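Structure first, then comments.
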Amino acid sequence: MEYQVIRSKRKTVALQITEQGALLVRCPYAMTEAEIRQFLEKHRSWIEKHTVQHPLPTLPNFSSEEVRQLANRALALIPPRVKYWAARMGISYGRITIRNQKTRWGSCSSVGNLNFNCTLVLAPPEVMDYVIIHELCHRRQMNHSPKFWEEVERFCPDHKAHRRWLREHSKELIGRLP
């Protein structure tokens, strides 16, 4: 079994399958090769299940006109949802910007400006709301600490399912941005 090891200051070991199907082992500096092989053997069924290649049809990139239409639709849909959730959560925010970033669904600046990906409008409404809630929670916690996730959970109990949906559909949404 081929794999690449990435060592860091982390305390736990994690497996990752890249978009190209490569297996990454992320582990602490002190972990030995024997311990890595033992970990891989213990998780062999998971690795085999997730490294099976299922070729997905390649969808064409969005045209510039399609991106413009998505951005306009996002400008019409996202700000009212932000306003709704901010009021419900008792959180203030600054400017809202719609972007066509290839790696982020949303972000929150230190001064409270919110950015959202234009392709979010293609996600189910509850997934779009999750991203909005996630970014608004950064107004209270500018990190991904346990306190941050408790805040997200308070307003979006199904956040794990929504995060999974975003991971599973990122190629067909964000992945199609030019």
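The values are calculated or read from the model by the stated rules, or taken from the named source; none is laboratory data. If you're wondering where the values come from, they're calculated on a predicted model, not measured in any experiment. Glycine gets a Cβ as well: all are built from the backbone with ideal geometry, and neighbour counts include every protein chain shown.
See the values below:
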{"quantity": "Among (1) in a helix (DSSP H, G or I); (2) touching a Ser or Thr at 6+ places or on another chain (Cβ under 9 Å); (3) over 25 Å from Glu19 (Cβ atoms) - the single one Gly112 does not satisfy", "calculated": "(1)"}
{"quantity": "Scan of segment 120-148 for residues that are touching a helix residue (DSSP H, G or I) at 6+ places or on another chain (Cβ under 8 Å), over 18 Å from Arg99 (Cβ atoms) and among the hydrophobic types (A, V, I, L, M, F, W, C), ordered by number", "calculated": "Ile133, Cys137, Phe148"}
{"quantity": "Some residue of segment 132-153 being assigned to a helix (DSSP H, G or I), in the same structural domain as Pro80 (by TED's automatic domain parsing) and within 11 Å of the chain's Cα centre (by Cα)", "calculated": "yes"}
{"quantity": "Filter pass, Trp149 being surrounded by 15 or more Cβ atoms within 10 Å (Cβ to Cβ), under 30 Å from Ala22 (Cα atoms), without any contact (Cβ under 8 Å) to a residue 12 or more places away in the chain and among the hydrophobic types (A, V, I, L, M, F, W, C)", "calculated": "yes"}
{"quantity": "Test: residue in segment 17-32 that is in the same structural domain as Glu151 (by TED's automatic domain parsing) and of a type in the set (A, V, I, L, M)", "calculated": "no"}
{"quantity": "Residues within segment 77-99 that are touching a strand residue (DSSP E or B) at 6+ places or on another chain (Cβ under 7 Å) and in contact (Cβ under 8 Å) with a residue 40 or more places away in the chain, tallied", "calculated": "3"}
{"quantity": "Elements of type helices (runs of 4 or more DSSP H) contained in segment 1-94, each with 1 or more residues being closer than 30 Å to Ser109 by Cβ and modelled with pLDDT of 95 or more", "calculated": "64-89"}
{"quantity": "Residue in segment 35-51 that is among the hydroxyl-bearing types (Ser, Thr, Tyr) and touching a Gly at 6+ places or on another chain (Cβ under 8 Å) present", "calculated": "yes"}
